[in-house]
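The values are calculated or read from the model by the stated rules, or taken from the named source; none is laboratory data. If you're wondering where the values come from, they're calculated on a predicted model, not measured in any experiment. With ideal geometry, Cβ positions are generated from the backbone for all residues, glycine too; neighbour counts draw on all protein chains shown.
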Amino acid sequence: MKIPIGAAGLMLALTACGGAAGAGGTVTADANGALPVTIGYTALGAGYSDLYTAQDYGIFAKHGLNVKLNRLNDSSQLVAGLASDSVQIGVGVAADTAAAIMKGADLKYVAMSEPHYNLEMWASPDVKSVAELKGKKVAITSPGSESDFGLTALLEANGLKREDVTAVFVKGVPAEVAALGSGAVSAILTQPPNGTESREKGAHRLAALSNMPFPLGAYTVQSKYLQNNREVVKRFVAAEAEALQYIRGHKDETVKSIQKYSGVKSTELASYAYDFFLDVWAKTPAVDEKVIKQAFDEAAENAKTSPPSDVAKYIDNSLTTS
């Protein structure tokens with residue numbers, strides 16, 4: 001059952017023209033009193049069920065938002081999308097936005113939905129442990145993606161180095177699943193339910209990373225946009241808080257949204273993904289400063305530079321209480 005839409009008739013005195021903000025400008029409410037905003041997310045799977053359900057079951061509308069969800073091809077497009085204003089709120093790997101901040105981008109972290117890795121490793125039957133991946137190929141998505149960081153973390157947690165395996169970058173989860181099925185690689189690293197499909201071709205789950213902290217579901221905005229449209233972002237954070245609670249209490253509805261947005265038709269696989277993500281999703285949208293510091297440390301290590309000493313200035317948690 002959908003949540004009633006309570007935003008109709010709500011008109012906000014925001015000055016601008018044309019509705020959506022341009023280059024960080026101020027937005028104006030539409031004819032129904034809702035504030036338009038485009039949210040960009042960076043991966044296919046169940047991880048962004050907070051967004052899916054908020055859209056499908058009226059949570060965004062309840063908070064006076066007219067939301068367009070825009071799935072970007074990979075995490076490298078997130079900063080570009082924010083800079084071009086093709087998305088106003090972006091969510092993805094925080095190390096990417098941290099790297100941009102260290103290069104001068106003026107961004108703020110305003111919410112977080114996934115403070116852990118949301119990945120599983122699926123492997124061919126002959127690979128019985130992570131240690132047995134030494135000398136073998138592993139398919140992941142683009143450089144700088146969650147799976148890129150996750151592969152390094154998983155290998156190191158099992159006594160291996162990154163150079164002990166060959167990372168094969170492919171474009172998208174379907175290509176990963178195909179590579180494992182054809183024997184071109186020995187393992188893949190994906191979020192469920194999409195990568196989980198590989199079990200139908202004989203693969204087995206080698207590892208889950210849901211217990212490992214990682215700055216993943218970090219919602220980011222341009223500082224100028226936040227300054228000019230604080231009400232929009234405040235309403236988004238309130239909707240996000242409700243959505244994070246909603247998905248925990250509405251499995252059937254969330255599973256339907258997972259099927260709709262991930263493209264996986266199997267209710268069993270979508271249900272499997274839901275159960276997996278219960279250990280990944282945050283319970284509140286508050287941004288964890290320790291996890292963001294991890295993002296800056298990782299970005300600095302990749303850039304062979306020093307991270308900022310104080311990351312708190314890049315976080316605005318006041319929206320969760322204001």
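Given the condition surrounded by 23 or more Cβ atoms within 10 Å (Cβ to Cβ), outside the structural domain of E298 (by TED's automatic domain parsing), of a type outside the set (G, A, S) and in contact with an Asp or Glu (Cβ under 7 Å, 6 or more places away or on another chain), answer yes or no: does some residue in the stretch 175-189 qualify? Yes - at least one qualifying residue is present in the stretch 175-189.
Can you pull out every residue in the stretch 243-270 that is part of a helix (DSSP H, G or I) and surrounded by 20 or more Cβ atoms within 10 Å (Cβ to Cβ)?
A243, L244, I247, T254, V255, S257, I258, Q259, Y261, S262, L269, A270
Can you work out which of the residues in the stretch 59-102 that are charged (D, E, K, R) and modelled with pLDDT under 95 is surrounded by the fewest Cβ atoms within 10 Å (Cβ to Cβ)? My answer is R71. Cβ separations smaller than 7 Å between residues 6+ apart or across chains give the following pairs from the stretch 42-59 residues that are under 16 Å from K251 (Cβ atoms) to residues that are part of a loop (DSSP other than H, G, I, E, B) and of a type in the set (K, R): Y57/K2. Summed over the stretch 304-320, the residues that are within 22 Å of the chain's Cα centre (by Cα) and part of a loop (DSSP other than H, G, I, E, B) give a count of 3. Against the test of being of a type in the set (A, V, I, L, M, F, W, C) and under 19 Å from Y314 (Cα atoms), the options I59, I101, I140 yield a single qualifying residue, I101. Out of all the residues in the stretch 238-257, is one or more touching a residue at least 12 places away in the same chain (Cβ under 8 Å), closer than 19 Å to I89 by Cβ and in contact with a strand residue (DSSP E or B) (Cβ under 6 Å, 6 or more places away or on another chain)? For the stretch 238-257, residues touching a residue at least 12 places away in the same chain (Cβ under 8 Å), closer than 19 Å to I89 by Cβ and in contact with a strand residue (DSSP E or B) (Cβ under 6 Å, 6 or more places away or on another chain): present.
Scoring A208 on the criteria (1) within 19 Å of A43 (Cβ to Cβ); (2) in contact with a Leu (Cβ under 8 Å, 6 or more places away or on another chain); (3) surrounded by 19 or more Cβ atoms within 10 Å (Cβ to Cβ) leaves a single failure, condition (3).
Can we say D279 is assigned to a loop (DSSP other than H, G, I, E, B) and closer than 19 Å to Q191 by Cβ? Yes, satisfied.
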